[in-house]
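For reference, the structure discussed in these notes is given below.
The values are calculated or read from the model by the stated rules, or taken from the named source; none is laboratory data. This is a predicted model, so every value here is computed, not measured. We place every Cβ from the backbone using ideal geometry, glycine too, and count neighbours over all the protein chains shown. The area values use the complete protein model at the heavy-atom level, side chains included, leaving out ligands, DNA and RNA. Shrake-Rupley method; radii C 1.70, N 1.55, O 1.52, S 1.80 Å.
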Amino acid sequence: MAFVVGVTGGIGSGKTTVANLFADKRIEVIDADVIARQVVEPGSEGLSAIAAKFGDSMLSADGTLDRAALREHVFSHPEDKDWLNNLLHPKIRQEMIRQTTQARSPYCLLVIPLLVENGLQSLCDRVLVVDVSEQTQVERASRRDSVSNEQVKRILAAQATREDRLALADDVIVNECTQEELNGQIDTLHLHYLTLAGHDTENQHE
């Protein structure tokens, strides 16, 4: 079983960018968002349960989950949001554990955007927070997703605070820098994680 580094950060912090840089070093990346989609794929128990509870109106014409319809429904029916979370969160957690157990790189990254909110730090040997200012979050996310600053701020208000994340961090990447400086932070942490995982770093030149 690989040494597990949990990666988290608020919207627009650059978690994917950071994870990709570790992946360039042949480190396996397990993404909770990808797993969340997998557990509701056609033929899955998750999708069958959702269709049984809410009806076929939650399915697209091709049989996949209509995420927009489901999101709109649970937004106005809080009790159904709780039901959905109780259905999916255990499945997502189980699959995250399965994939980290099977990881073959010296350590692996487990990218969980809502790690703090869902109390999932117990799945990780260390927690790495990708940190930027709220202003940077708003600017990046609104530009990336083509939404208003106000909409991004509403998402921020529903997430853990920057202070809450940093309080749980073992390591922090400050992602408001040049690419060269970001690469330097990645290089330093990569060697650190190899050492923590009990891997020989003598011949590491990346």
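So here's what we get for this one:
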quantity: Residues of the stretch 6-29 that turn out to be open to solvent by 40 Å² or more (accessible area, probe 1.4 Å) and of a type in the set (Ser, Thr, Tyr), as a count; calculated: 2
quantity: Test: residue in the stretch 175-187 that is in contact with a strand residue (DSSP E or B) (Cβ under 6 Å, 6 or more places away or on another chain), surrounded by 15 or more Cβ atoms within 10 Å (Cβ to Cβ) and within 17 Å of residue 19 (Cβ to Cβ); calculated: yes
quantity: Of residues in the stretch 142-171 being over 10 Å from residue 10 (Cα atoms) and in contact with a helix residue (DSSP H, G or I) (Cβ under 7 Å, 6 or more places away or on another chain), the one least open to solvent (accessible area, probe 1.4 Å); calculated: 152
quantity: Checking residue 105 against (1) open to solvent by 20 Å² or more (accessible area, probe 1.4 Å); (2) not in a helix (DSSP H, G or I), the condition it does not meet; calculated: (1)
quantity: Matching option when the condition is surrounded by 12 or more Cβ atoms within 10 Å (Cβ to Cβ), over 21 Å from the mean Cα position of the chain (by Cα) and either within 30 Å of residue 179 (Cα to Cα) or at pLDDT below 95 (or both), among 32, 69; calculated: 69
quantity: Residues being among the polar types (S, T, N, Q) and assigned to a loop (DSSP other than H, G, I, E, B) - total across the stretch 155-187; calculated: 4
quantity: Per-region count, the stretch 108-140, residues of a type in the set (Gly, Ala, Ser) and either under 18 Å from residue 31 (Cβ atoms) or assigned to a loop (DSSP other than H, G, I, E, B) (or both); calculated: 2
quantity: Within the stretch 77-107, considering residues that are of a type in the set (S, T, N, Q) and within 21 Å of residue 47 (Cβ to Cβ), the one modelled with the lowest pLDDT; calculated: 85
quantity: Tally of residues being within 15 Å of residue 98 (Cα to Cα) and either surrounded by 20 or more Cβ atoms within 10 Å (Cβ to Cβ) or in contact (Cβ under 8 Å) with a residue 12 or more places away in the chain (or both) across the stretch 113-136; calculated: 3
quantity: Selection from the stretch 55-66 of residues that are part of a helix (DSSP H, G or I), under 20 Å from residue 79 (Cβ atoms) and more than 27 Å from the chain's Cα centre (by Cα); calculated: 57
quantity: Residues of the stretch 17-33 classified as touching a residue at least 24 places away in the same chain (Cβ under 8 Å), outside any loop (DSSP other than H, G, I, E, B) and not aliphatic (A, V, I, L, M), total; calculated: 5
quantity: Residue satisfying all of: in the stretch 72-102; open to solvent by less than 60 Å² (accessible area, probe 1.4 Å) and without any contact (Cβ under 8 Å) to a residue 12 or more places away in the chain; farthest from the chain's Cα centre (by Cα) among these; calculated: 74
